Amino acid sequence: MHCITNAPIVFLRYYFKAANVEGAKCSFKITNAGDCSYPNGWYGNWAVASYDRISWNRVPTNYNDGVLDIQFVPKAPVVWIAYFAPFTYEQHQALIARSMLAKDFKGQKLAKLEVLGSTLDGRDVELLTIGSGERKLWFIARQHPGETMAEWWMQGFLARLLDPADSLATKLRSQATFYVIPNMNPDGSIRGHLRTNACGANLNREWGPTGEHLAPTMERSPEVFNTLRKLDSTGCDLFVDVHGDEELPHIFLAGEMGVPNWSDRLAELYRLFVEAQLKADPSFQLDHGYGNDKENDANLAICAAQIANRFDCLSTTLEMPYKDAF
């Protein structure tokens, strides 16, 4: 059985269903895959498939001469195939609901929900506030909505942070206040975009005041505008922007050594943060990544750079792969 598509693919993202395929030798070909924005991302990447949209497994995938070819024999009548395990808007809403139900052993709710504003399509940008400590720690994900691994990360992060039986989480909640936005770009998530919101803005280039565009506006990037306004009201001691990378099969951090206010203090904070990551996660590594910006060469329209410079705090981007990391 062959399925060939010439549907326009501007970015590296697909998610489709095939029916009546059980036991058939299938070949799903995307013939214009080479026309996407990041064609090098196809090399070495196997698609994921699921029979229940819960468990996802890799299936053999090849990329040659601009054509992506996914070949396997489905074990059920219906199969879903995707570039990476999807994290749907329904899953996002369930994550918010679970977080709001979390309580400590005294029956007190652990998370407070605040809607920062509406997207261009009228959806909520949702902020969870957790803890009561002095330090202000910010975590955001899915500025690029197609990077679904970022919200999978958020799901695990929130599960532990809101676990009343976890002694480390309890200690952290007493020492810091966490500001968490699990999905910065719900419009792009639902529209199937890889990197942009409803009007085509790449939110991670909208933090101003320099770069492709000036400061964020309600007309173009209300998601960033409202988040930055909240940040200005709370302050920030640590900022982590969670992303995914199409080409590198590694987990790594992108530091902000090129911001104008980079100092020995920020360098030491970054060193300690990296050291902690190496101890906590065996898949985290330092050998592969983007490298560091030159002195005073940071693009302050990028989120982590703007926050580092604006608040003189440790700010970094966490990158995770679409490809297998091992």
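Please work out which one of (1) over 30 Å from residue 219 (Cβ atoms); (2) surrounded by 14 or more Cβ atoms within 10 Å (Cβ to Cβ) is the condition residue 132 fails and give its number.
(2)
For residue 325, work out the one condition from (1) part of a loop (DSSP other than H, G, I, E, B); (2) more than 22 Å from residue 154 (Cα to Cα); (3) open to solvent by less than 80 Å² (accessible area, probe 1.4 Å) it doesn't fulfil.
Against the list (1) part of a loop (DSSP other than H, G, I, E, B); (2) more than 22 Å from residue 154 (Cα to Cα); (3) open to solvent by less than 80 Å² (accessible area, probe 1.4 Å), residue 325 comes up short only on (2).
Each row is one residue, and each column tells you yes or no for (1) under 21 Å from residue 316 (Cα atoms); (2) not in a loop (DSSP other than H, G, I, E, B).
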residue	(1), (2)
184	yes, no
197	no, no
204	yes, yes
243	yes, yes
248	yes, no
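Of (1) closer than 23 Å to residue 155 by Cβ; (2) of a type in the set (A, V, I, L, M, F, W, C); (3) at pLDDT 95 or above, residue 266 satisfies all except one. Which?
(1)
Which of the following residues is open to solvent by less than 50 Å² (accessible area, probe 1.4 Å) and either in contact (Cβ under 8 Å) with a residue 24 or more places away in the chain or under 24 Å from residue 231 (Cβ atoms) (or both): 286, 272, 266?
Result of the check over 286, 272, 266: 266.
When residues of region 293-316 are filtered for being part of a loop (DSSP other than H, G, I, E, B) and either under 19 Å from the mean Cα position of the chain (by Cα) or aromatic (Phe, Trp, Tyr) (or both), how many remain?
Total satisfying the criteria: 2.
Can you name every one of the strands (runs of 3 or more DSSP E) wholly within region 40-99 that holds 1 or more residues which are in contact with a Leu (Cβ under 9 Å, 6 or more places away or on another chain) and open to solvent by less than 20 Å² (accessible area, probe 1.4 Å)?
Here the list reads 47-50, 61-64.
Inside region 64-80, can you point out the residues that are out of contact with any Gly (no Cβ under 8 Å at 6 or more places or on another chain) and either polar (S, T, N, Q) or closer than 19 Å to residue 322 by Cβ (or both)?
64, 68, 69, 70, 71, 72, 80
The values are calculated or read from the model by the stated rules, or taken from the named source; none is laboratory data. Predicted, not measured: the structure shown is a model, and the values here were computed from it. Here the Cβ is made from the backbone with ideal geometry for all residues, glycine too, and neighbour counts use every protein chain on show. The protein model used for the area step is the full one, side chains on, heavy atoms only, and it has no ligands, DNA or RNA in it. Shrake-Rupley method; radii C 1.70, N 1.55, O 1.52, S 1.80 Å.
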